[in-house]
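The values are calculated or read from the model by the stated rules, or taken from the named source; none is laboratory data. Because the structure is predicted, anything quoted here is derived from the model rather than measured. Quick reminder, even Gly has a Cβ in these numbers, built from the backbone with ideal geometry, and neighbours come from all protein chains shown. Each accessible area value is taken on the protein alone, full model and side chains, heavy atoms only, with ligands, DNA and RNA left out. Shrake-Rupley method; radii C 1.70, N 1.55, O 1.52, S 1.80 Å.
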Amino acid sequence: MAGERMDQKAAAKLNVEMIPGTEVMTDTGDVHFARAGGSDKGSVLVPHPSNNPADPLNWSLMWKLITAISQLLYVWVLVCSALSLAPMFPFLGMQFHLNQQQLSLLTGLNVITLGFANILIVPLSNIFGRRPISIFFGLLVVLTNVWQAVATSHHSFLAARACNGIVAATSETIMVQVIADMFFLHERGLWVGVYFTFYFSGAFLGPIMSGNIAARHGWRSFFWLTVALAAFVTLLLVVAFPETRWRRGSTNPAESKTSAETEAKLESDSETASVGHMVGKGKPSRAQWSPIQKPDSRWMTFVVRDITTPFIVFFNPIVFWAALMLAGPADLLLIFNLTESGLFGSPAYGFSPGAVGYTNFAFFVGGIIGVLTAGPLSDWWARRATLKNNGIREAEMRLPALLPYCIIFLISHVIGAVGYQKLYSWPTIVVCGFGFSGLSVTAIPTIAIAYAVDCYKPISGEIMVVATVLKNVLGFCLSYWVFNVMAKSGWVAVYMTQFAVSFLPVVLTIPLYFFGKNLRRWTRNSDLHRMEALI
């Protein structure tokens, strides 16, 4: 593509080795890069936008915000309906005669199906588009929430939970693809952070709602509320979420198929025209609002690629590290979620289900602090390091921003272990345990996933598949052993086991910062980087 040729020219002029994840963020005399509005000031635009106003990179800020907010609200509702059971455990236990482990498996089964379903959702969104898949699965979420509300037996409710996990899985990958579709490299840290905040705030605020609604109106009322919320956000997608899938370097395959001659002309024109002059001035085309996008003619390629790629990239050190950095904080939060009802509802604290739900405000406040600081901090740190490096940006320049959040993450583990074991005062556990966990679960994955996407942008969806599958498999295992380990060895053993799993990738961040470029160099000729042409 034209942008790639400009990168190569600039690299030659600056004597820089260009590999995926390394970007030239400055003009170099005869080589000029796209800037917002075609100006000579501001951030260099990576990836390079086309001159088509329908290109999602060229959409106005208003259209990008409308698209992002509709999808983020969709994510919030899906997660809220899936991961809000904990405060309702006493009611569900009485209704279906369940013990503590059976109750935790109601969450665990939902989590495991939610993770593995993305193996199919990513190729479907690449074939049919982000818009129709989101709308279709939103309708299925409505139906599975109806099923949960009317279930009359444990087995029926368990099956409904499993099916809800499958159809709610779009919350874990499509928004990350949308971010890569619409936003430039220097904007991704912020928007990945916003995504994780909406995702995890669904898990934070949902239990507050479920506990209080169940206490006042019965547990079924909560699921009827999620039926209404899911119907609303699905309708919102219909009117406010245009298609963002775009084949970079050609016209939109959803609108027409570009001939080789036309594509060559587009590339030639993009070098001579004022590249980037349409940024901030475009809007979705009529075709991008169609509820049914024409399936890509290469659908079989997508199926094979998107099903096999997660298994291939699972063994990529950078992707595997990023997946662990998502799994650790998320699974610590899951432990708190699974155990909060049993701890605070015990005679030692005597909380009502509604009061247990209110403790989740700490997760939410921590998560907001995480998103307000992590994305901007990592972007700022990377820009600062880029300026010191003569305008050459390396993907690893984000990583030092992880340090303060990893310290907070450590404190959260310690408070969970000792606070639970010694029955610390509830404000200590809620603020330093729950609150710090909420901060970590938005901040650490924000930086880690943004780094992995910087290195392997063409497989942003597959990166999230690997991360969510690993996170949810570990989470499912937690739902099996957490109460058994607690009964035999106490809470310290539970939290220190989680600590060991969580801090392995944290420690590996140090060598990754120094040798990450070597890892990227070893995979520079991988087919993963050539998948951009298929997106």
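Once ligands and nucleic acids are excluded and a 1.4 Å probe is used, how much of residue 294 is accessible, expressed in Å² to the nearest 10?
In the full protein context, residue 294 sits at about 150 Å².
Using only Cα atoms, tell me the angle between helix 100-116 and the longest principal axis of the chain; keep it within 0 to 90° and round to the nearest 10.
10
Using only Cα atoms, tell me the angle between helix 491-522 and the longest principal axis of the chain; keep it within 0 to 90° and round to the nearest 10.
10
Hey, which of these cross-link pairs are over 29 Å Cα-Cα: 294/471; 283/457; 283/471; 294/457; 283/517?
294/471; 283/471; 283/517
How big is the dipole moment of segment 298-392 about its Cα centre under a simple scheme where the beta carbon of each Lys and Arg is +1, that of each Asp and Glu is -1, and everything else is neutral? Debye, nearest 20, please.
For this selection, approximately 480 debye.
Could you check how much of the accessible area of the chain is carbon and sulfur, as a whole percent, using a 1.4 Å probe?
Carbon with sulfur: 69 percent of the solvent-accessible area.
Specify the angular offset, from 0 to 90 degrees and rounded to the nearest 10, of the alpha carbon long axis of helix 260-272 from the longest principal axis of the alpha carbons in the chain.
Taking the Cα atoms of the chain, the angle to 260-272 is about 80 degrees.
Quick check on the chain: what are the equivalent-ellipsoid semi-axes from the Cα gyration tensor, as sqrt(5λ), descending, whole Å?
41, 26, 18
Based on the Cα atoms of segment 359-492, what semi-axes does the equivalent ellipsoid have, where each is the square root of 5 times one gyration tensor eigenvalue, given in whole Å with the largest first?
32, 19, 11
Order 380, 191, 59, 481 by their accessible area, 1.4 angstrom probe, all chains in place, largest first.
Ranked from most to least accessible, the order is 380, 481, 191, 59.
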